[in-house]
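S.K.: Following this message is one structure expressed as structure tokens.
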Amino acid sequence: MAKAQHFYGIHAVQAILSERGTDASALWVQDGRQNDASVAPIIALADMYGISVQIAGKDALTKLADSPQHQGVVLQARPKPVGDDADLAALLQDARARQTPILLLLLDQITDPNNLGACLRTAVAMGVTAVVVPKHHTSSLTPAAAKIAVGAADLMPLIQVTNLARAMDNLKQDGVFVYGTALDDTAKPLAACDLTGDVALVMGSEGEGIRRLTAERCDQLVYIPMVGSAHGSIQSLNVSVATGMVLYEACRQRLAAAI
């Protein structure tokens, strides 16, 4: 069983208590904030699950969370279980049974927990089926990532696969079309691609992009046209920003197709 961690931030803590309150064991609340409109519902959820609620000073919460960004609440809880290849197959089967077009976000070597958290937040907003990451060379779902995700970490399935390239091969065999983002001569502009069917979108790290083996597994490489790059000012975007742009285009196309 995974060791309990100290999660923090209003939205992250409330999401854990709402979605899996039995995983939590203790809640610390900053002295003087017990009756805040954003904190009182959290205390009520903790009480409902019989979780110990302790009042502590701001500095004590900062030490527990290892961050001053705790927003007055820290929750001791087990990390959310991460899915595997079998869980991914089950998610696809369920989506097909519900006749829901599949939209997967594959993150290749995203090691910054802030970027992972931001990508999870956007994935929830844009209707992503699941976020898929490799088991190695990637950020885990840390309390920092959960804070940045503002609750999305407990709403979005996170799948950790042993081998990303092999997982991509399996997806393609299952009828999922795989697009990879890359600055490559063969890449098409994003808006020129059909993102309305069963689709997986692969995003790489800000510095190196997607790996060569990952790129070779993609059915099509795509890029985000940028006016600034024509003047030599911008060549790449932060991965969470780029992910937001790519997922928005996918969401836009899918909503238009559904009308």
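S.K.: If R0 is 25 Å, what FRET efficiency do you get for A257 and D184 from their C-beta distance, rounded to 0.05?
M.R.: The calculated FRET efficiency here is 0.40.
S.K.: Before I look further, what does the range 85-258 give for accessible area per residue, probe 1.4 Å, in whole square angstrom?
M.R.: 46
S.K.: Another question about this same structure. With runs of 4+ DSSP H residues as the only contributors, calculate the mean residue ellipticity of the chain at 222 nm using -39,500 (n - 2.57) per run, divided by the residue total and rounded to the nearest 500.
M.R.: Using -39500 (n - 2.57) per qualifying helix, the result is -11000 deg cm²/dmol.
S.K.: How big is the range 5-77 by Rg and Dmax over its Cα atoms, in Å?
M.R.: Cα only, the range 5-77: 10.5, 28 Å (Rg, Dmax).
S.K.: May I ask what percent, to the nearest 5, of DSSP beta bridges between residues of the range 5-77 are antiparallel?
M.R.: 65
S.K.: Counting only protein heavy atoms and a 1.4 Å probe, tell me what percentage of the chain's accessible area is made up of carbon and sulfur.
M.R.: Roughly 51 percent of what the probe reaches on the chain is carbon or sulfur.
S.K.: With no solvent and one equal point scatterer per Cα, compute the Debye intensity ratio I(q)/I(0) for the chain at 0.09, 0.10, 0.13 Å⁻¹ and report its log10, rounded to two decimals.
M.R.: Result of the Debye calculation: -0.45, -0.54, -0.84.
S.K.: Place a point 7 Å from Cα of E208 in the direction of its Cβ. Which residues in the range 115-147 have their backbone N less than 20 Å from it?
M.R.: Label zone hits: 115-117, 132-141.
S.K.: Next up: Give me the angle, in degrees from 0 to 90, between the Cα long axis of helix 113-125 and the longest principal axis of the Cα atoms of the chain, rounded to the nearest 10.
M.R.: Its long axis makes an angle of about 80 degrees.
S.K.: Let me ask something additional. As an exercise, use a Förster radius of 45 Å and the Cβ-Cβ distance of Q99 and A37 to find the FRET efficiency, rounded to the nearest 0.05.
M.R.: After rounding to 0.05, the efficiency reads 0.65.
S.K.: Could I ask something else about it? When DSSP assigns beta bridges and you keep just the ones with both residues in the chain, what percent turn out antiparallel, to the nearest 5?
M.R.: If we restrict to bridges inside the chain, about 25 percent are antiparallel.
S.K.: Could you tell me the center-to-center distance, by alpha carbons, between the range 79-111 and the range 5-19 in angstrom?
M.R.: So the two Cα centres are separated by 22 Å.
S.K.: How tilted is helix 164-173 with respect to the longest principal axis of the chain? Cα atoms for both, answer in degrees (0 to 90, nearest 10).
M.R.: 60
S.K.: Taking R0 as 25 Å, what FRET efficiency do you get between A60 and E19 from their Cβ-Cβ distance, rounded to the nearest 0.05?
M.R.: Once the sixth-power term is evaluated, E becomes 0.40.
S.K.: I'd like the distance separating the alpha-carbon centroids of the range 29-49 and the range 179-212, in whole Å.
M.R.: With the range 29-49 and the range 179-212 each reduced to a Cα centre, they are spaced 43 Å.
The values are calculated or read from the model by the stated rules, or taken from the named source; none is laboratory data. These figures come from a predicted structure and were not determined experimentally. Using ideal geometry, Cβ is built from the backbone for each residue, glycine included, and neighbour counts are taken over all protein chains shown. Calculation scope for accessible area: heavy atoms of the full protein, side chains included, ligands and nucleic acids excluded. Shrake-Rupley method; radii C 1.70, N 1.55, O 1.52, S 1.80 Å.
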